[in-house]
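See structure below.
The values are calculated or read from the model by the stated rules, or taken from the named source; none is laboratory data. Keep in mind it's a predicted model, so treat the numbers as computed, not measured. Note that each Cβ is placed from the backbone with ideal geometry, even for glycine, and that neighbours are counted across all protein chains shown.
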Amino acid sequence: MMLFRLLTLPYVRKHKLRTALTVAGVALGVIIFVAMRTANDSVLYGFQKTVDRITGKAQLQITSGDGGFPEEILERAQAVPEVEVAVPVIEANAGTGKQGQGNLFILAVDMTGDRSLRDYDLESGEEAVIDDPLVFLAQPDSIMITREYAAQNGITSGSKIALETMQGRKQFTVRGIMKPGGLAGAFGGNLAIMDIYAAQNVFGRGRTFDRIDLSLKPGVSIDQGRAAVERALGNGLDVETPASRGKQFESITKIFSIGATLNSLFALLIGLFIIYNTFAVAVAQRRPEIGVLRSLGATRRQVRGLLLIESVVLGIAGSAIGIVLGLAMARGMARYIGTYISDLYGLAQHTEEITADPFTLSMAFAAGLVTSVIAACIPAQKAAQVDPVSALRKGSHESFQESESRKRILGAFTFASIALIFWFWGGKSGFRLLTGYLSVVAAAVLLTPAFVRLLVRWMRPVLRLILPVEGALAADSLMQAPKRTSATVAALMLSISLVIGLGGVANASYASITDWMNAAINPDLFVGPSEQISERSFRFSASLGDEMRAMDFVEEVQSVRTTRVRFDSTLVMVVATDMESLSRRAHPKVIAGDARAMFRDAAAGKAVILADNLAMMHNLKLGDTVEIPSPAGILKLPVAGIILDYSDQQGALLMDRTLYIRNWGDDTVNVFRVYLKHGVAPEAGKRGILEKLGDRSRLFVMTNAQVRAYITKVIDQWFGLTYMQIFVAVLVAVLGIVNSLTVSITDRRRELGVLQAVGGLRRQVRQAIWMEAAGIGAVSILLGLALGAIILAYYLGVIRDEVAGIRLEYTYPFGIAALMIPFMMAVAWASALGPGESAVRASLVEALEYE
Amino acid sequence: MSRAWLGLILSAATGFAQDARQIMQQAQDRAKSASQRYEGTLQVLDGKSKITEKRWTYQRTGAAGDSKAVLRFTAPAEVKGVALLVVNHPDRASDQWMWTPSLQRERRIAFQDRSTRFFGTDFSFEDLEERDVSQFDYQLADEEQLGGAAVWKVISRPKKTKSSQYSHAHLWVDKQRFVIVKIESFKDARLIRRIVYRDFRQVQGIWTPFVVEVEDTNRKGRTMLKTDKLEYNLPLKEENFTLQALRRES
Amino acid sequence: MIHLNEVSKQFAGKKQVTALDNLSLHVPKGEMTSIVGPSGSGKSTLLNLIGGLDKPTSGTITLDGTRLDQVSDDDLTRVRRDKIGFIFQFFHLLPTLTCLQNVALPLHLRGWSQAKCDERARELLDLVRLEKRLTHLPDELSGGERQRVAIARALSVYPPVLLADEPTGNLDSATGAEILRLICDLHARLNATILVVTHDAAVARSCQRGIRLCDGRIVEDIRQ
């Protein structure tokens, strides 16, 4: 510790900027990891907590995916002897139309009697929360809001509030105010209670409920209760504890989680090189100091220990800063993810607070620390090997020994072979891809020095051609310190490859989804209850479709009901529509099966058609039988075909509407796909429909172009987070270049001094440094673009096998690559500005001093 | 007997009952009528003696647990047309439906909800049903004076415990008129609800309470029902006591 | 050739240090002068000021008619490039460059063509008798050879002024003598104005003029 105080602290004080850069290198990796994981956890926890709060005293819940089920189920559930109480619930998300107030989450329960008030703990002792229960029931515009919401909006009992409903904007009368806490705390108080039968009307739910909350007779265990209910209701419905219901969301957030973990690992890896670089240079610079120490009797262990302690301190600092900033960032990201999921899945959710999972934080801390220590290991070993005599001599410089290079290349080949073996053989996909991916990265990193030497040698003439003196100086500087250069290049290469990989995925996704939209999204108009196609709070009655069919400008209308059902513990989308009509109108890309036969069988209700991604993720093939839970029991149907379809990230399953109505007892409609008569302009059709139906029902008519724009927006949102991670990766890389150049300049202060002493102008010195940055940039870009090509293949593999089951075509993102070249060169140049200036501004006398 | 307050009509008669069962049978017999109709005024007082008032008309056909009743609110305007159909069965709990005209649909009052409060009054839904004396076991507990009249104190226990929220009840029966003047209902040792019958008048030979006062011990207020325009044995059509009729008449 | 008029140089720090105190000096063209004095007497500071590596706190310095205290940094660099050759104690050769490249460096910096640079560098290395070491890296040379490369580099454009800071300080006495002979030889052949900061009595003796500094002032100025 004494050594630390005497030697390290002064060094750190002298090299504040470099120390800061090193700490930042650790911190950025930790930030991504902490921010993404915490955001995911918070969203999940938010869902969980919301589920808890709006669950009341339920021990079990009956659901049918997210689609609801016929009312009759309630009486059957109530008749189960083990069940004490079974209460129906409908959930909806209703806009208030008020700026900044967001949506009100509507929990519709049975308000007959006062059970709901008691179960949800809404009563507040003597004061009645509902002015008059009979009036509340008798008037379907009755609503109960939280005290918080009332206070925020100056609402009192008897006030009117407007909500977006199936019947358009509708005034509701506040006839009760909940006491704070419990349920009222969910959704930040943006919650209202309605009578369930009124809600059925207002939100177009027909005679269905979303779920039934059960409590069991005293002495009946959860398992007994579940078994009894399942026996009574058949196994087409989900009977789960409220806690496990939240798990369904895990598969959704998992998608974010996988990407985040990969990317934060990447960031840490980049950080590793920055730290390595700093330590390697620090050791080189302090060689004389270490030599003195050694000659004064310090053991090798002490020297090594000193360096490792330094790395531990840096690691701790970086991790701590990373965790703090990561948590700060998590809030914004959690809101982003939450909104994304809410929008896409129509789930109301508020992630108000972030949940710092101790496990995540310790993992992040450990990762930061370990990265730092690993990065310092080799330099520490080098420091320990310093020979006191030679260290005291002036002017040493590093170079790779031949044996070291050979070992490196051998290692690279080993990793490359592993990657190859796993690519073609491999076993379980996740493991195979991860191993391969890591091996490729390891091989690339190990090969970097060799490539750097090669490329710089080739580049030297080019650089000299541009600026003879400066170019040569720059190239020589790069070659003179191969380790320093390689570490920087490795960091930059990794981040460029990350951009190429992720960018390639984005490109491929847009391309595939555009193809799909061209084939499948061809109706002229879409009629839905919301601007968001995924809205699930509102549904149309089937008769609306007939009214549109009767319009003289309408050629054909397809009624589409989409819902999600549990399928191997994930929620997959069921798309129920008129298959015969669909087969005539849409021409999806067929992956397996015969197009005519599959639609014929599906239209007859004898089979289903699967989206490619569903088949992929669940390993289903043509002719397999799928089991689809429905309120009427489990439907066992053969797979008649597999088509390319991106309706849902978790996968979609197409069936005929009659089959759905029969088994779900639900003929409501989420969206109508409308084909207009030839020659009718979409805008005219839209006006026509709105004129006839607009005032009667909540109705949004979107043109084909608008729907495409919406889908594109969803994908944009999806990639929004990815872009942010790319940004951080690039930031880490920029830090890497700045760090490397700062180090390089400090390292060569005397040399630069000599240069100026023998007549080098400032401009010339500056340009030499810029050229050096350009050299690093160019080499990194070359290597990064190449590594990116391989990384992309792995990403596509992960997406196909692990995340979304989507088969994306491999296309190298040349556009992005072309953009990266000037961008990275500019970044390299920009990061050279500061160090370059500091080099020419430095005192010549000091630079030439001997000490 | 009628544990229910609605159809509770007991005629006065002299006689001596040796055991509780006979007393209760007597009371039920004396109150027996083929049908009934009245207009009720319901006053709910909360803890701060705020009063909300509602009016309804009541019609019943059949008796002694095998009856049907429709209760239709007439005032205030917000609740006008809301109706409750109670179909009593001699051997089991009643079926109950509520009709809300603004939604144009009925809702079943599930068994599990029979113990909940009837629209914010001190009554529970269970208190709306009639049960035959045969569904209870009786035990004579005491003979006392209540409000200047001699009464029997009878303890009743439902035979099928699962169909009632109460474990037992204390009933006070007027020795002169064979009418129940007070009921205290318990769940185990805890008093849940107290009903007091007052202002007895003879209508068509049946002693009828014109004021019923109910107290739910879980809340502070109480509920008063005042009866008006009461008639017995009028010709009421059976088909008026169905869900279809509720729908039709709203 | 070199005129210093009441030149002072102070270094700011916790305590202000006066390195040169109101010093005036005139060195005529072609004179070879030694500067001696104890550590901290201001020898190196004087050399740095004359070489334009640093600027005086007060006073004027004129080199070959140019006021060094008044020109811009880049002009100072040009003065260095065209009129001054530096010889350092630790040679300060660029370790990645061959002898030829090291010597050619200042010529490149002036923008000379490759061929011209090479030709001149060869000529200079010839001059310091290193014609056989053209493609060697500095690491492969002995101390004396390295200093000869450094001298060749200092002579790149045959500057009128050569500044040497302890040129023999890092060499054994035999090699030091050899380097000294070289410098004297060059002085004779090129008629350059030479200032040598030294501790070495032999070096001081071989100069035409000897200046002794103490606490930033000239305490002795002898012409032999």
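Looking only at residues of the stretch B:51-82 that are without any contact (Cβ under 8 Å) to a residue 40 or more places away in the chain and in a loop (DSSP other than H, G, I, E, B), we find that the one that is nearest to the other protein chains (Cβ to nearest Cβ) is B:Val82.
Evaluate the following for A:Asp716: is it surrounded by fewer than 18 Cβ atoms within 10 Å (Cβ to Cβ), of a type in the set (Asp, Glu) and over 30 Å from A:Asp238 (Cβ atoms)? Yes, satisfied. The strands (runs of 3 or more DSSP E) found entirely in the stretch B:128-234 that carry 3 or more residues being under 16 Å from the mean Cα position of the chain (by Cα) are B:168-174, B:180-187, B:190-203, B:206-216, B:222-232. Within the stretch B:146-198, the residues that satisfy the criterion of being of a type in the set (Val, Ile, Thr) and in contact (Cβ under 8 Å) with a residue 12 or more places away in the chain are B:Val151, B:Val154, B:Ile155, B:Val173, B:Val179, B:Ile180, B:Val181, B:Ile183, B:Ile192, B:Ile195, B:Val196.
If you take the residues in the stretch B:109-127 that are of a type in the set (D, E, K, R) and over 13 Å from the mean Cα position of the chain (by Cα), which one is surrounded by the fewest Cβ atoms within 10 Å (Cβ to Cβ)? If we take residues in the stretch B:109-127 being of a type in the set (D, E, K, R) and over 13 Å from the mean Cα position of the chain (by Cα), then B:Arg114 is surrounded by the fewest Cβ atoms within 10 Å (Cβ to Cβ). With respect to (1) closer than 25 Å to A:Gln139 by Cβ; (2) crowded, with 20+ Cβ neighbours inside 10 Å; (3) among the small types (Gly, Ala, Ser), the lone exception for A:Gly206 is condition (2).
Residues in the stretch A:201-237 that are within 23 Å of A:Pro629 (Cα to Cα), out of contact with any helix residue (DSSP H, G or I) (no Cβ under 9 Å at 6 or more places or on another chain) and of a type in the set (S, T, N, Q): A:Gln224, A:Asn235.
Restricting C:Leu109, C:Leu124 to those that are closer than 15 Å to C:Leu182 by Cβ and either within 13 Å of chain A (Cβ to nearest Cβ) or aliphatic (A, V, I, L, M) (or both) reduces the list to C:Leu124. When A:Ser744 is tested against (1) in contact with an Asp or Glu (Cβ under 8 Å, 6 or more places away or on another chain); (2) within 27 Å of A:Phe823 (Cβ to Cβ); (3) at pLDDT 75 or above; (4) within 14 Å of another protein chain (Cβ to nearest Cβ), exactly one condition is not met: (3).
For the stretch A:283-335, enumerate the residues that are of a type outside the set (Ser, Thr, Tyr) and not in a helix (DSSP H, G or I). Answer for the stretch A:283-335, where residues must be of a type outside the set (Ser, Thr, Tyr) and not in a helix (DSSP H, G or I): A:Arg286, A:Leu296, A:Gly297, A:Ala298. Note on the stretch A:209-228: residues that are under 37 Å from the mean Cα position of the chain (by Cα) and buried (at least 19 other Cβ atoms within 10 Å of the Cβ) total 8.
Scanning the stretch B:83-108 for residues that are at the interface with chain A (Cβ under 7 Å from one of its Cβ atoms), touching a strand residue (DSSP E or B) at 6+ places or on another chain (Cβ under 6 Å) and crowded, with 22+ Cβ neighbours inside 10 Å gives a single hit, B:Met98.
Matching residues to (1) in a helix (DSSP H, G or I); (2) within 14 Å of chain C (Cβ to nearest Cβ); (3) surrounded by 17 or more Cβ atoms within 10 Å (Cβ to Cβ):
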position: A:Lys686; (1), (2), (3): yes, no, yes
position: A:Arg698; (1), (2), (3): no, no, yes
position: A:Gly720; (1), (2), (3): yes, no, no
position: A:Phe727; (1), (2), (3): yes, no, no
position: A:Leu731; (1), (2), (3): yes, no, yes
position: A:Asn739; (1), (2), (3): yes, no, yes
position: A:Leu755; (1), (2), (3): yes, yes, yes
position: A:Arg763; (1), (2), (3): yes, yes, no
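Of the residues A:Ala475, A:Ala416, the single one that is more than 14 Å from chain C (Cβ to nearest Cβ), in a helix (DSSP H, G or I) and small (Gly, Ala, Ser) is A:Ala416. Of a type outside the set (Val, Ile, Thr), at positive phi and more than 14 Å from chain C (Cβ to nearest Cβ) - does that describe any residue in the stretch A:798-814? Checked the stretch A:798-814: at least one residue is of a type outside the set (Val, Ile, Thr), at positive phi and more than 14 Å from chain C (Cβ to nearest Cβ). Looking at the stretch C:87-99, I want the residues that are in contact (Cβ under 8 Å) with a residue 40 or more places away in the chain and at the interface with chain A (Cβ under 8 Å from one of its Cβ atoms) and have a partner that is hydroxyl-bearing (Ser, Thr, Tyr) and crowded, with 21+ Cβ neighbours inside 10 Å with Cβ atoms under 8 Å, at least 6 apart or on another chain. Which pairs are those? That search, which allows pairs on different chains as well, returns C:Thr96/A:Ser477. Restricted to the stretch A:136-193, and to residues there that are among the small types (Gly, Ala, Ser) and assigned to a loop (DSSP other than H, G, I, E, B), the residue that is nearest to the chain's Cα centre (by Cα) is A:Gly181.
Of the strands (runs of 3 or more DSSP E) lying entirely inside the stretch A:501-591, not one contains at least 2 residues that are surrounded by fewer than 16 Cβ atoms within 10 Å (Cβ to Cβ) and out of contact with any helix residue (DSSP H, G or I) (no Cβ under 7 Å at 6 or more places or on another chain).
For the stretch B:19-32, the criterion of being more than 21 Å from B:Gln204 (Cα to Cα) and modelled with pLDDT of 90 or more is met by none of the residues.
Here is a yes/no grid of residues against (1) away from chain B (no Cβ under 14 Å); (2) within 25 Å of B:Arg107 (Cα to Cα):
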residue	(1), (2)
A:Gln139	no, yes
A:Ser157	no, no
A:Gly168	yes, no
A:Ala184	yes, no
A:Asn190	yes, no
A:Ile193	yes, yes
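Output yes when any residue across the stretch A:450-457 is within 14 Å of chain C (Cβ to nearest Cβ) and in contact with a Gly (Cβ under 8 Å, 6 or more places away or on another chain), and no when none is. The answer is yes; a qualifying residue exists. Hey, can you tell me all the residues within the stretch B:117-140 that are over 24 Å from B:Phe200 (Cα atoms) and either touching a Leu at 6+ places or on another chain (Cβ under 8 Å) or more than 14 Å from chain A (Cβ to nearest Cβ) (or both)? B:Phe118, B:Phe119, B:Gly120, B:Ser134, B:Gln135, B:Phe136, B:Asp137, B:Tyr138, B:Gln139, listed by residue number.
Tallying residues that are within 13 Å of chain A (Cβ to nearest Cβ) and surrounded by fewer than 17 Cβ atoms within 10 Å (Cβ to Cβ) within the stretch C:55-70 yields 1. Of the residues making up the stretch C:193-209, none is on the phi > 0 side of the Ramachandran plot, out of contact with any Phe, Trp or Tyr (no Cβ under 7 Å at 6 or more places or on another chain) and modelled with pLDDT of 85 or more.
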